[in-house]
Amino acid sequence: MGLPAETLPLPAPSFDFEAAMMDQFRGPVAGIDEAGRGPWAGPVVVAAVILDPDRIPEGLNDSKLMTPEAREDRYQAIMATSIVSVVIGPVKRIDRDNILQTSLWGMRAAYRRLRVPVGSALIDGNIVPKRFPCKARAIVGGDGLSLSVAAASIIAKVTRDRLMVKLSRRYRRYAWDSNKGYGTREHAEAIKKHGVCTHHRRSFSPIERALRLIETGTELPLPEELGEGA
């Protein structure tokens with residue numbers, strides 16, 4: 001008879017990847033991550049962060065595992081001790097180039113906007129953008145493994161959440177202050193009732209489907225049906 005499964009705590013991000021790359025490439029390491037690839041509305045935000053090895057803020061982790069209050073607190077600590085750049089990938093670019101290419105563009109742009117000599121970069125995910133300006137390594141789940149990538153995930157997430165809250169003041173019907181543009185039932189209900197606006201990603205299948213039905217004068221489906229393919 002097997003023993004009951006034991007839930008072990010997830011390992012915290014470390015500076016090990018950065019230390020190895022600093023030794024190999026002789027220079028600072030930038031952590032790069034994005035927030036907002038999946039939502040139906042709003043921009044994607046990419047951040048690049050160079051941590052000061054002597055002043056790394058405590059409590060850095062994958063932003064998805066942190067409370068909004070903890071993210072805001074660590075955001076302030078990162079901004080006070082690190083070199084940071086942020087790039088906004090607008091909806092128009094997402095619809096023109098697709099979300100993946102917009103994210104990869106943002107990674108290159110965020111690196112360049114650091115405006116300091118960087119030896120290498122750690123990128124969350126499994127793709128290093130083509131023509132990336134320095135040596136770079138992609139790490140799946142990097143925001144939970146690398147402190148620099150975790151810091152970038154926090155900066156990107158907080159920046160995007162603030163943008164969506166600001167947009168929600170003008171577009172209150174979509175409740176972006178709470179759903180941040182993601183495909184929640186509440187968001188789908190609002191699209192069913194009010195249609196879409198300029199900040200919706202028309203290249204995303206639920207929004208594309210809603211627009212097609214509106215153009216033909218067809219009744220929009222239930223929120224669950226609208227959300228298929230998100």
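The values are calculated or read from the model by the stated rules, or taken from the named source; none is laboratory data. Nothing here was measured: the structure is a model prediction, and the numbers come from that model. Because the Cβ atoms are built from the backbone with ideal geometry, glycine has one as well, and the counts that use them run over all protein chains shown. Accessible surface is based on the protein model in full, side chains and every heavy atom, while ligands, DNA and RNA are left aside. Shrake-Rupley method; radii C 1.70, N 1.55, O 1.52, S 1.80 Å.
Out of Val128, Val86, I need the residue that is more than 26 Å from Pro57 (Cβ to Cβ) and either crowded, with 16+ Cβ neighbours inside 10 Å or modelled with pLDDT of 95 or more (or both). Which one?
Val128
Does region 54-63 hold any residues that are without any contact (Cβ under 8 Å) to a residue 60 or more places away in the chain and either farther than 16 Å from Ala152 by Cβ or surrounded by 24 or more Cβ atoms within 10 Å (Cβ to Cβ) (or both), and which are they? Across region 54-63, the qualifying residues are Asp54, Arg55, Glu58. Taking the conditions (1) within 15 Å of the chain's Cα centre (by Cα); (2) among the basic types (Lys, Arg); (3) at pLDDT below 95 in turn, Arg71 satisfies each one other than (3). The residues of region 152-164 that are open to solvent by 10 Å² or more (accessible area, probe 1.4 Å) and either free of Cβ contacts under 8 Å to residues at least 12 places away in the same chain or of a type in the set (D, E, K, R) (or both), listed by number, are Lys157, Asp161, Arg162. Please specify each residue of region 13-38 satisfying the condition of being modelled with pLDDT of 95 or more, open to solvent by less than 20 Å² (accessible area, probe 1.4 Å) and small (Gly, Ala, Ser). Listed by number, the residues that qualify are Ala30, Gly31, Ala35, Gly36.
Residues in region 170-208 that are in contact (Cβ under 8 Å) with a residue 12 or more places away in the chain, open to solvent by 20 Å² or more (accessible area, probe 1.4 Å) and among the charged types (D, E, K, R): Arg173, Asp177, Lys180, Arg185, Glu189, Lys192, Lys193, Arg202.
From the list Gly106, Gly119, Gly142, exactly one residue is modelled with pLDDT under 95 and among the small types (Gly, Ala, Ser). Which is it? Spell out the reasoning first.
Details: Gly106 fails: modelled with pLDDT under 95; Gly142 fails: modelled with pLDDT under 95.
Answer to the check: Gly119.
Given the criterion under 17 Å from Glu72 (Cα atoms) and touching a residue at least 24 places away in the same chain (Cβ under 8 Å), identify the matching residue among Leu147, Leu167. Exactly one residue qualifies, and that residue is Leu147. Among the residues of region 114-169, those identified as under 29 Å from His199 (Cβ atoms) and of a type in the set (D, E, K, R) are Asp124, Lys130, Asp143, Lys157, Arg160, Asp161, Arg162, Lys166, Arg169.
Hey, which of the helices (runs of 4 or more DSSP H) in region 71-189, taking only ones fully inside, have at least 2 residues that are more than 15 Å from Val44 (Cα to Cα)?
Numbers: elements: 91-97, 99-112, 147-168, 176-179.
Passing ranges, in order: 99-112, 147-168, 176-179.
Listed by first and then second residue, the pairs linking a residue in region 39-50 that is open to solvent by 10 Å² or more (accessible area, probe 1.4 Å) to a residue that is hydroxyl-bearing (Ser, Thr, Tyr), with Cβ atoms under 8 Å apart and 6 or more places separating them unless they lie on different chains, are Ile50/Ser82; Ile50/Ser148.
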